[in-house]
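Everything on this sheet refers to the single structure shown next.
The values are calculated or read from the model by the stated rules, or taken from the named source; none is laboratory data. Being a predicted model, the structure only gives us computed values, none of them experimental. Cβ sites come from the backbone with ideal geometry, for glycine too, and all protein chains shown count toward neighbours. Heads up: the accessible areas ignore ligands, DNA and RNA and are worked out on the full protein's heavy atoms, side chains in. Shrake-Rupley method; radii C 1.70, N 1.55, O 1.52, S 1.80 Å.
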Amino acid sequence: MELRELGGTGLRVSAVGFGASPLGNVFGDVPRDTARAAVRRALDLGINFFDTSPYYGGTVSESVLGDCLRHAAVPRDRVVVATKCGRYKDEGFDFSAARVTRSIDESLARLGLDYVDILHAHDIEFTKLDQIVNETIPAMKKIKESGKARFIGITGLPLSIYPYVLDRVPPGSVDVILSYCHFGINDTSLVDLLPYLKSKGVGVITASPLAMGLLTDNGPPEWHPAPEQLKSACRAAAEHCSKKGKSITKLAMQYSLMSNEISTVLVGMNSSKQVEENVAAALELSTSGIDEELLHEVEAILEPVKNLTWPSGIQQA
């Protein structure tokens with residue numbers, strides 16, 4: 001598995017990252033032995049980056065991931081572990097300094113770790129961004145100084161949140177950003193922001209290469225916030241691939257892995273089989289490239305909805 005530099009952190013992360021939200025049973029129950037086998041298989045195949053949050057499954061994802069890493073008996077310096085703060089299943093959003101400071105201790109206890117490599121403020125568009133600038137990030141910097149998190153980041157859907165925050169905090173305050181659903185076949189809007197992020201020395205993680213289920217044969221869950229026009233186009237693209245005996249999931253995964261300016265592509269996984277499929281897609285990409293003909297056909301189907309997204313968060317003043 002290819003390792004890539006993560007901004008200026010000095011961390012080298014696997015091109016495919018293990019999204020641990022499914023370990024929180026958010027897409028159906030995952031037996032503990034299945035979860036342990038998935039994490040063990042990921043480690044064996046060269047995945048070293050694991051991402052979770054107290055929000056996923058109401059803290060279950062963190063606890064299960066911690067158990068899986070302990071069970072795998074992997075040396076701490078061989079894995080890069082990221083978690084988040086500010087968003088909770090039962091409490092909703094709380095980006096206050098006090099809650100963020102308490103949150104990291106709770107996460108470390110669940111994970112069974114002395115520190116995380118990255119602590120993200122989770123979905124910051126759901127509070128006033130000035131709170132993130134003036135209260136949340138200063139509190140996270142203190143956590144970093146304490147050694148409980150090596151680096152700090154911010155996450156969210158609207159791309160406008162990143163320049164707003166990065167332009168208002170001291171240089172070097174934010175080490176990484178985690179963007180989702182903006183670097184895939186149907187939406188490449190993150191690309192326009194990459195030069196700016198690079199100029200700020202910020203590492204870039206992307207998630208949801210399958211657009212939260214849009215680019216799959218089964219289609220998205222019922223709650224998916226995408227407009228019907230986008231859902232319909234993605235359904236047509238998936239059917240086109242299927243008729244040709246191809247997988248839109250593999251194509252989408254490979255597409256998201258193609259940019260070396262993005263350090264890692266996080267994809268949710270809950271079984272050894274899913275791990276093996278994603279790693280196989282990455283290895284095939286590095287050896288024989290993407291199916292260019294199929295990619296052009298799918299891009300043509302999705303062209304009318306290119307970069308179409310959906311609203312997320314509160315209206316910022």
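For the reader, a short list of remarks on this structure follows.
- For the range 129-175, the Kirkwood hydrodynamic radius from C-alpha pairs, put into Stokes-Einstein at 25 °C and a viscosity of 0.890 mPa s, yields a diffusion coefficient of 223 µm² per second.
- Partner aspartates and glutamates whose Cα lies under 14 Å from the Cα of Lys148, excluding those fewer than 8 positions away in the same chain, are identified as Asp105, Glu106, Asp114, Asp117.
- Separation between Cα centres of the range 13-78 and the range 225-256, rounded to whole Å: 27
- Histogrammed with a bin width of 20 Å, the alpha carbon distances of the chain distribute as 34, 60, 6 percent, first bin at zero.
- Sum of -39500 (n - 2.57) over DSSP H runs of 4+, divided by residues of the chain (222 nm, nearest 500): -11500 deg cm²/dmol
- Here the spin labels are modelled as points 7 Å beyond Cα on the Cα-Cβ line, and at Arg168 and Val191 they lie 3.0 nm apart.
- Inverting the pair-averaged 1/r between distinct Cα atoms of the range 161-211 gives 11.4 Å as its Kirkwood hydrodynamic radius.
- Per-residue SASA entry for Ser263, accessible area with 1.4 Å probe, Å² rounded to 10: 10
- Taking every DSSP bridge with both residues inside the range 87-209, close to 10 percent are antiparallel.
- Applying the Karplus relation 6.51 cos²θ - 1.76 cosθ + 1.60 with θ = phi - 60° to the range 18-25 yields 3J(HN,Hα) values of 8, x, 9, 4, x, 5, x, 6 Hz, where x marks Gly and Pro.
- Shape call, the range 225-317: gyration tensor on alpha carbons, a/c limit 1.5: oblate
- Peptides 200-209, 6-15, 106-115, ordered by how many other C-beta atoms sit within 10 Å of their residues on average, highest first, read 200-209, 6-15, 106-115.
- Per residue, the range 239-317 exposes 52 Å² of accessible surface when a 1.4 Å probe is rolled over the protein heavy atoms with every protein chain present.
- Two-decimal Rg to Rh for the range 109-150 - Kirkwood Rh, Cα set: 1.03
- Nonlocal amide H pairs with His120, under 5 Å, H built at 1.01 Å: Thr83, Lys84, Cys85, Gly153
- Summed over all non-identical Cα pairs, the Kirkwood treatment of the range 88-205 gives a radius of 14.7 Å.
- Put simply, the amide H of Tyr180, placed in the peptide plane, has neighbours under 5 Å in Gly156, Ala207, leaving out anything fewer than 5 places away on its chain.
- Partners of Lys243 within straight-line reach, counting lysines whose Cα lies under 21 Å from its Cα and excluding those fewer than 8 residues away in the same chain: Lys231.
- Cα centroid of the range 89-116 to Cα centroid of the range 261-317, whole Å: 30
- Extension gain from Lys198 to Ser312, taking 0.36 nm per residue of separation minus the Cα-Cα distance: 38.6 nm
- Sorted from longest to shortest, the spans of the Cα atoms of the range 1-140 along the three principal axes equal 42, 36, 24 Å.
- Where both bridge residues fall in the chain, DSSP classifies roughly 15% of the beta bridges as antiparallel.
- As a fraction of the 1.4 Å probe accessible area of the chain, surface on carbon and sulfur atoms comes out at 51 percent.
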